[in-house]
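Asks: If you scroll down you'll find the structure; I have some questions about it.
The values are calculated or read from the model by the stated rules, or taken from the named source; none is laboratory data. Computed from a predicted structure; not experimentally measured. Note that we place each Cβ from the backbone using ideal geometry, even for glycine, and neighbour counts take in every protein chain shown.
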Amino acid sequence: MELSTRTRIRTGLLLLLLITAGTRVWYWWTEQLSVIDAVYQTAITISKVGFTELVEFSETTRLVTIGVIVLGAGTTAYTLTALFEQFADERIENARRRRMERSAKGMVDHMIVCGYGRVGSKVAADAARKGGEVVVIEHDAEPSQAAADAGFTVIRGSATEDRTRESAGIQEAAVLVAAIDSDAENVSIVLSARATNPDVRIVARATTNESAPKLVQAGADRVINPKTSVQAACSHSLHGRRSPISSMSSCTVTTCRSRWIRRW
């Protein structure tokens, strides 16, 4: 299993700490150096600055010193490489995030899908197949990457935060789907989205039957229950004036606002 960059950085720093501590103890114990001298000798050994030894080392200590130089150099290179990759990844991620935000802010009458899990991913895919523009809001890295790989505009962050929804273009959106697997978060999303854009069509996911009325009261136009199937918040419940609490079975979405509203 490939280690993440952050894990590699932590591993490298831990190894450097262990090498430094072990070398200091060796010099102090075997060569009878004072604590300060042992720390100094360890520092010039690992950093390879080329200063001479403080005392005449035994053959064993010289061999240990050679090993410390090799291990220290390798571990330092390993850690610095991981740090550079982390820096580069952050720069790339920031550039990608700014590009995604610019793309989302240029959309009109699009769908915002909050949460790219089992439900959100299928709703987004169905919308895209019908020609709709979709912005995905996702907090976690792995589903965010999956959404980006699927070709969606992705906003990294919590959908419960106003700034994140604004970056996704909530003011101009036609439909918002709150598909996070937390009813409390979905209620918060629905309340805030309705306050920001009174005209947006809101479909919310409920994981329990008890949460469905709360989502409707919060401002959801439809509440879906993914326990039955997963393709829609719509066909049965979104044609005509039926109960706002429904299950998902087969969803149809289109691009312009009027048809978004009719379907959703």
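Asks: Filter the range 47-92 down to the residues that are among the small types (Gly, Ala, Ser), closer than 17 Å to Thr23 by Cβ and assigned to a helix (DSSP H, G or I) and list them by number.
Replies: Hits for the range 47-92 are Ser47, Gly67, Gly72, Ala73, Gly74.
Asks: Six or more apart or on different chains, Cβ atoms under 7 Å: show the pairs whose first residue is in the range 62-73 and closer than 13 Å to Val49 by Cα and whose second is of a type outside the set (Asp, Glu).
Replies: Hits for this filter: Ile69/Thr45; Ile69/Lys48; Gly72/Ile19; Gly72/Ile46; Ala73/Lys48.
Asks: Further, regarding this structure: Working carefully through the options Asp149, Asp183, Asp221, find the one that is closer than 26 Å to Ile92 by Cβ and not hydroxyl-bearing (Ser, Thr, Tyr).
Replies: Details: Asp183 fails: closer than 26 Å to Ile92 by Cβ; Asp221 fails: closer than 26 Å to Ile92 by Cβ.
Going through Asp149, Asp183, Asp221 in turn, just one is closer than 26 Å to Ile92 by Cβ and not hydroxyl-bearing (Ser, Thr, Tyr): Asp149.
Table: residues versus (1) surrounded by 14 or more Cβ atoms within 10 Å (Cβ to Cβ); (2) more than 41 Å from the chain's Cα centre (by Cα).
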| site | (1), (2) |
| --- | --- |
| Leu3 | no, no |
| Thr7 | no, no |
| Thr11 | yes, no |
| Leu16 | yes, no |
| Ile19 | yes, no |
| Arg24 | yes, no |
| Trp29 | no, yes |
| Val35 | no, yes |
| Thr45 | yes, no |
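Asks: Identify all residues within the range 150-164 that are closer than 13 Å to Met100 by Cα and of a type outside the set (A, V, I, L, M); write none if there are none. I'd like the intermediate steps shown before the answer.
Replies: Here is the first cut: in the range 150-164, the ones closer than 13 Å to Met100 by Cα are 151-157, 164.
Residues satisfying the conditions are Gly151, Phe152, Thr153, Arg156, Gly157, Thr164.
Asks: Restricting attention to the range 93-125, and to residues there that are small (Gly, Ala, Ser), outside any helix (DSSP H, G or I) and at pLDDT 90 or above, which single residue is surrounded by the fewest Cβ atoms within 10 Å (Cβ to Cβ)?
Replies: Of the residues in the range 93-125, the ones small (Gly, Ala, Ser) are 95, 103-104, 106, 115, 117, 120-121, 124-125.
Okay, now just the ones that are also outside any helix (DSSP H, G or I), so 106, 115, 117.
Going one step further and asking which of them are at pLDDT 90 or above, we end up with 115, 117.
Values: Gly115: 27, Gly117: 17.
Going through the qualifying residues, I end up with Gly117.
Asks: Out of the residues in the range 184-221 that are over 24 Å from the mean Cα position of the chain (by Cα) and among the small types (Gly, Ala, Ser), state the one that is surrounded by the fewest Cβ atoms within 10 Å (Cβ to Cβ).
Replies: Per the stated criteria, the residue is Ala195.
Asks: Another one. Please tell me if Ile170 is assigned to a strand (DSSP E or B), more than 30 Å from Leu14 (Cα to Cα) and of a type outside the set (D, E, K, R). Outline the logic, then answer.
Replies: Numbers: assigned to a strand (DSSP E or B): no; more than 30 Å from Leu14 (Cα to Cα): yes; of a type outside the set (D, E, K, R): yes.
Taking the combined requirement at face value, the residue does not satisfy it.
Asks: Right, another one. Does at least one position in the range 158-171 carry a residue that is surrounded by 14 or more Cβ atoms within 10 Å (Cβ to Cβ), among the acidic types (Asp, Glu) and out of contact with any His (no Cβ under 9 Å at 6 or more places or on another chain)? Explain how you work it out, then say what you get.
Replies: Our first condition is that a residue be surrounded by 14 or more Cβ atoms within 10 Å (Cβ to Cβ); within the range 158-171, this holds for 158-161, 164-170.
Among the residues that remain, those that are also among the acidic types (Asp, Glu) are: 161, 166.
Within this subset, residues satisfying the condition of being out of contact with any His (no Cβ under 9 Å at 6 or more places or on another chain) are 161, 166.
Scanning the range 158-171 turns up at least one residue that is surrounded by 14 or more Cβ atoms within 10 Å (Cβ to Cβ), among the acidic types (Asp, Glu) and out of contact with any His (no Cβ under 9 Å at 6 or more places or on another chain).
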